[in-house]
Amino acid sequence: MTAPSARDWMFSVKTFIASMLALYIALKMQLPRPYWAMATVYIVSNPFVGATTSKSLYRAFGTMLGAAAAVAMVPPLVDTPYLLSFAAALWMGVMLYLSISDRTAKSYVFLLAGYTLPLIAFPTLSDPGTIFDVAITRTEEILLGIVCATVVNSVLFPSKLAPVLAERTAAWFRDAAFYATEALTGRPLAPEVTASRQRMAMTINGLELLLSQLAYDGVRPDIVRSAMELRSRMTVLVPIISAVADPLRVSLSEPTESNEALAKVAKDIATWIEQTREHPTANPESDVRRIAQQLRREVAALEPDKQALQSWQNALLSSVLWRLKLLVELWEDCITLQHAISADETGSWTPRFTHWRLDAISPFFDRSIMLFSTGSAIASVFVACVLWIESGWTDGAAGVSLAAVSCCFFAALDDPAPMVLRFFMASSVSILVAGVYLFVVLPNLHEFPMLVIVFAVPFIWVGTLMPTPRFGLVATIVALTTATFLSIQSVYAADFQVFVNNNLSGQAGLLFAYLWTRVTRPFGTELAVRRLIRSSWEDLAEAASPQSVDAKREMAARMLDRLMQLLPRLGSTEAAHHPAVASFRDLRAGLNALDLQVEKTKVAPSLRIDIERVLDGVRAHFLQCAARNARQTPSSELLRAIDEALRNTVRDALGEDRITSTHALVSMRLAIFPESAPPSSLTSAPGQAGQ
């Protein structure tokens with residue numbers, strides 16, 4: 001474990017100051033539960049101003065929405081506890097589903113609205129006439145904590161998100177440059193490549209939330225737009241590098257003069273990528289664009305004559321050169337966008353890579369798993385309510401409330417049970433700390449400054465761990481639950497029996513939530529991977545079906561997003577048949593199917609029939625994979641259909657449209673049949689072994 005950095009200490013001190021300020025004001029205002037204001041500070045605080053501001057704003061909206069629902073629901077249903085329990089659980093589930101359907105900062109509104117209702121409603125059931133007052137005071141206390149956290153974080157040494165964006169993109173560029181270099185030099189299957197690819201995917205996924213918070217950081221709208229353009233190209237670059245690797249490796253397996261020139265161009269591109277990544281400030285935009293243009297000319301100079309495309313090796317070479325051109329264009333866009341963001345430039349930016357599928361935003365959601373997760377959460381809260389009602393445990397509301405909170409917090413995870421258990425362990429530590437303070441330390445304190453002094457050491461120490469990904473969640477839970485369990489009031493009135501009863505109830509609720517999730521959701525990451533791969537096969541089959549251009553664009557975006565979700569879940573080992581390699585090839589097959597859908601409208605009717613025959617075979621193959629939920633060996637009929645379409649395409653005389661179709665068919669063949677020998681009628685050297 002590394003020691004906390006100076007930034008971690010600064011964040012912790014600022015958060016502690018904000019929490020004490022919130023507690024002091026709440027005590028002065030004589031709010032009934034001032035500790036809620038203190039706990040809220042630890043919930044919404046983030047090392048960066050934009051993240052804290054957005055989280056605070058959305059927490060305020062979510063709290064008010066949940067409080068309003070509690071006020072509307074409790075009075076008419078208080079005499080029917082089971083119906084009230086079901087209504088509260090259903091409300092929580094609907095809000096939870098909306099929350100996990102939004103991967104931006106706005107999801108916090110629905111998350112808070114979901115678990116705020118049981119936190120307000122259940123403790124008031126013994127005296128339902130107080131529901132309105134409790135809802136109002138909880139909202140006031142939470143708003144007070146939000147204001148204190150936001151003001152302190154904005155005034156005292158504010159930290160901006162823009163440098164974090166620069167750090168994360170710089171890390172992504174390191175991994176991307178390594179991945180591209182390995183692919184261009186013929187080493188795309190090394191284990192280190194898989195690890196770098198996983199980090200790239202995780203960075204891209206994390207940027208979605210960060211970019212949604214960037215607008216609250218005082219960043220200009222054009223910089224936010226540039227950052228979003230960068231993320232979209234970062235997403236596309238990952239499969240483009242993979243699309244270069246396979247045909248380049250196959251093409252360079254033959255020692256010919258043209259392949260020597262191809263290897264030199266690939267090496268030049270790899271060198272340029274590494275240089276622009278290592279020395280971004282030493283490569284101004286004009287130099288980046290000039291060298292990129294030079295590399296494109298080198299690539300174009302190797303393009304074989306149209307008549308030469310009747311050779312398989314030349315058709316393959318043309319496909320490789322086309323993808324190298326795309327790689328250069330994408331890297332040029334990424335580097336120039338990085339310059340624009342880091343230099344905070346106001347000038348216009350001109351894209352080089354302008355593919356029809358680029359600008360679509362269509363995230364992939366596994367709706368069945370989402371519904372199952374929210375249904376499990378609804379059932380857990382309702383069953384917990386039934387057990388509470390049947391037991392007659394007066395203080396059981398705390399257990400139901402914490403069960404609801406834990407189910408909401410971790411519902412989006414593949415395997416939430418371990419995190420619920422960590423919640424249980426962290427809150428257990430908080431109970432011990434709170435007990436020592438309540439019954440040993442606080443009785444000897446009579447002034448607020450002394451309270452601040454005795455709280456400083458544990459809260460500041462825990463606060464330094466909150467920005468650390470490894471300990472952040474547990475540290476946050478310890479801080480906020482300790483603040484809550486302390487139950488600081490204007491007058492010291494700790495009751496040991498009440499303290500034990502409430503906390504036993506809370507821990508029982510968390511233990512119930514853990515057991516519930518362990519029983520109802522034992523599947524873990526393996527199920528998520530299987531479902532992601534199966535849904536990709538279903539989309540691939542659909543990609544080979546007639547679609548409008550807009551539907552194709554959205555489908556391509558969905559396939560890319562699914563791949564970014566899949567990569568971090570796969571292991572770090574690599575092999576030719578590893579799921580990561582196969583998934584990249586599946587994606588290439590799907591994207592090429594979409595390209596063929598576009599191209600078939602431009603070619604001659606006879607060639608259109610050949611392309612439709614290929615698409616029919618692709619659809620049938622992936623439908624079979626999805627139906628059997630396992631990867632199937634593609635049929636020899638599909639291979640013959642691809643070869644026949646390729647043969648007729650290279651013999652056709654439709655100029656650039658023919659070449660685009662050739663590229664798509666060559667890539668489709670390598671993606672679905674990576675081990676097959678090349679088509680005999682296109683082979684420059686009969687009997688050559690293909691891959």
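The values are calculated or read from the model by the stated rules, or taken from the named source; none is laboratory data. For clarity, every value in this text was computed on a predicted model and none was experimentally measured. We place every Cβ from the backbone using ideal geometry, glycine too, and count neighbours over all the protein chains shown. Ligands, DNA and RNA are excluded from the accessible area calculation, which covers all protein heavy atoms including side chains. Shrake-Rupley method; radii C 1.70, N 1.55, O 1.52, S 1.80 Å.
Among the listed residues 354, 336, which satisfies the condition of being of a type outside the set (Lys, Arg), modelled with pLDDT of 80 or more and either open to solvent by less than 50 Å² (accessible area, probe 1.4 Å) or closer than 26 Å to residue 593 by Cα (or both)?
Only one candidate qualifies: 336.
Would you mention how many residues in the stretch 636-667 are modelled with pLDDT under 75 and among the acidic types (Asp, Glu)?
Residues flagged as modelled with pLDDT under 75 and among the acidic types (Asp, Glu) within the stretch 636-667 amount to 3.
Take the stretch 493-530 and flag every residue that is in contact with an Asp or Glu (Cβ under 6 Å, 6 or more places away or on another chain) and either buried (at least 17 other Cβ atoms within 10 Å of the Cβ) or of a type in the set (A, V, I, L, M) (or both).
Within the stretch 493-530, 502, 505, 528 meet the criteria.
Tell me, which residue of the stretch 14-60 that is assigned to a helix (DSSP H, G or I) and open to solvent by 60 Å² or more (accessible area, probe 1.4 Å) is modelled with the lowest pLDDT?
55
Name the pairs: first residue in the stretch 608-628 and free of Cβ contacts under 8 Å to residues at least 12 places away in the same chain, second residue of a type in the set (D, E, K, R) and open to solvent by less than 70 Å² (accessible area, probe 1.4 Å), Cβ to Cβ under 6 Å, at least 6 apart or on different chains?
Short answer, once both residue conditions are applied: 608/600.
Out of everything in the stretch 49-64 that is within 22 Å of the chain's Cα centre (by Cα) and hydroxyl-bearing (Ser, Thr, Tyr), what residue ends up being farthest from residue 11 (Cα to Cα)?
Only one residue tops the list, namely 58.
Counting only residues that are closer than 13 Å to residue 180 by Cα, open to solvent by 10 Å² or more (accessible area, probe 1.4 Å) and modelled with pLDDT of 90 or more, how many does the stretch 244-269 have?
The total comes to 2.
Among the candidates 197, 233, 225, 220, single out the residue that is free of Cβ contacts under 8 Å to residues at least 12 places away in the same chain and either open to solvent by less than 60 Å² (accessible area, probe 1.4 Å) or out of contact with any helix residue (DSSP H, G or I) (no Cβ under 9 Å at 6 or more places or on another chain) (or both).
It is 225.
Identify, from the list 285, 257, 278, the residue that is of a type outside the set (A, V, I, L, M) and in contact with a helix residue (DSSP H, G or I) (Cβ under 6 Å, 6 or more places away or on another chain).
Criteria check complete, one pass: 285.
Does residue 189 meet the test of being open to solvent by 30 Å² or more (accessible area, probe 1.4 Å) and modelled with pLDDT of 80 or more?
It is false that residue 189 is open to solvent by 30 Å² or more (accessible area, probe 1.4 Å) and modelled with pLDDT of 80 or more.
State whether one or more residues within the stretch 522-530 are touching a helix residue (DSSP H, G or I) at 6+ places or on another chain (Cβ under 8 Å), modelled with pLDDT of 85 or more and closer than 14 Å to residue 364 by Cβ.
Within the stretch 522-530, one or more residues are touching a helix residue (DSSP H, G or I) at 6+ places or on another chain (Cβ under 8 Å), modelled with pLDDT of 85 or more and closer than 14 Å to residue 364 by Cβ.
Only one of these is closer than 21 Å to residue 524 by Cα and either open to solvent by 30 Å² or more (accessible area, probe 1.4 Å) or touching a His at 6+ places or on another chain (Cβ under 8 Å) (or both): 398, 411, 404, 379. Name it.
That would be 379, the only listed residue that is closer than 21 Å to residue 524 by Cα and either open to solvent by 30 Å² or more (accessible area, probe 1.4 Å) or touching a His at 6+ places or on another chain (Cβ under 8 Å) (or both).
Do we have residue 329 as modelled with pLDDT of 85 or more, assigned to a helix (DSSP H, G or I) and within 29 Å of residue 162 (Cβ to Cβ) here?
It is true that residue 329 is modelled with pLDDT of 85 or more, assigned to a helix (DSSP H, G or I) and within 29 Å of residue 162 (Cβ to Cβ).
Determine, yes or no, whether residue 479 is crowded, with 17+ Cβ neighbours inside 10 Å, under 27 Å from the mean Cα position of the chain (by Cα) and within 30 Å of residue 10 (Cβ to Cβ).
yes
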